[in-house]
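The values are calculated or read from the model by the stated rules, or taken from the named source; none is laboratory data. This structure is a prediction, so every number in the text was calculated from the model and none was measured. No Cβ is skipped: glycine too gets one built from the backbone with ideal geometry, and neighbour counts run over all protein chains shown.
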């Protein structure tokens with residue numbers, strides 16, 4: 001049964017497509033952050049190990065919230081790595097084991113890519129798709145990414 005939320009069926013489909021791409025971004029960033037958590041070594045090992053763990057736990061929560069939002073809006077949620085990789089705006093580096101600084105820079109770049117996409121998505125939800133709830137939801141996600149980007153950026157100053 002489709003929800004009747006004051007948003008047209010066409011707009012609900014568009015919002016769910018936008019959320020699905022966002023879910024893919026979060027899942028890929030989660031996986032990268034997890035990989036870096038497992039592989040960081042050297043100076044500041046424990047500090048970065050714990051930072052990456054905190055960030056992947058936050059991403060795990062965001063993934064669940066996005067998936068549930070898709071369901072609330074009448075959509076079906078993807079859940080395979082193949083689907084995530086087809087829709088993500090992020091790049092992967094299979095077989096590459098980065099230095100600490102490269103890890104931080106790559107995660108920072110990914111958070112900033114997601115922030116830029118979220119800004120576009122928020123504008124689209126507000127101006128075109130008439131979905132203030134999703135715009136507000138995405139604003140919260142964007143603010144979380146801004147905080148994590150800021151923390152990572154501080155390591156590169």
Task: Filter result for residue 19 (part of a loop (DSSP other than H, G, I, E, B), surrounded by 14 or more Cβ atoms within 10 Å (Cβ to Cβ), within 11 Å of the chain's Cα centre (by Cα) and touching a residue at least 24 places away in the same chain (Cβ under 8 Å)) - done: no
Open item on the list: Going through 111, 89 one at a time, which residue ends up being within 12 Å of the chain's Cα centre (by Cα), part of a loop (DSSP other than H, G, I, E, B) and either surrounded by 13 or more Cβ atoms within 10 Å (Cβ to Cβ) or touching a residue at least 12 places away in the same chain (Cβ under 8 Å) (or both)?
Closed with: 89
Task: Among residues of the stretch 114-139, those that are within 14 Å of residue 26 (Cα to Cα) and surrounded by fewer than 19 Cβ atoms within 10 Å (Cβ to Cβ), counted - done: 2
- [ ] Could you tell me whether residue 116 is in a loop (DSSP other than H, G, I, E, B) and modelled with pLDDT of 95 or more?
- [x] no
Open item on the list: With the requirement that a residue be in a loop (DSSP other than H, G, I, E, B), surrounded by fewer than 17 Cβ atoms within 10 Å (Cβ to Cβ) and modelled with pLDDT of 95 or more, what does the stretch 22-42 give you?
Closed with: 41
- [ ] Please give the number of the condition residue 80 fails out of (1) touching a helix residue (DSSP H, G or I) at 6+ places or on another chain (Cβ under 9 Å); (2) under 14 Å from residue 27 (Cβ atoms); (3) loosely packed, with under 15 Cβ neighbours inside 10 Å.
- [x] (1)
TODO: Look at residue 97 and say whether it is out of contact with any strand residue (DSSP E or B) (no Cβ under 6 Å at 6 or more places or on another chain), outside any helix (DSSP H, G or I) and under 30 Å from residue 44 (Cβ atoms).
DONE: yes
TODO: Restrict the check to the stretch 43-57 and report whether at least one residue is more than 17 Å from the chain's Cα centre (by Cα) and not in a helix (DSSP H, G or I).
DONE: yes
Task: Positions within the stretch 114-125 being within 12 Å of the chain's Cα centre (by Cα), closer than 14 Å to residue 137 by Cα and free of Cβ contacts under 8 Å to residues at least 40 places away in the same chain, in sequence order - done: 115
- [ ] Considering each of 61, 9, 68, 47 in turn, give the residue that is surrounded by fewer than 17 Cβ atoms within 10 Å (Cβ to Cβ), within 18 Å of residue 106 (Cβ to Cβ) and either touching a helix residue (DSSP H, G or I) at 6+ places or on another chain (Cβ under 6 Å) or without any contact (Cβ under 8 Å) to a residue 12 or more places away in the chain (or both).
- [x] 47
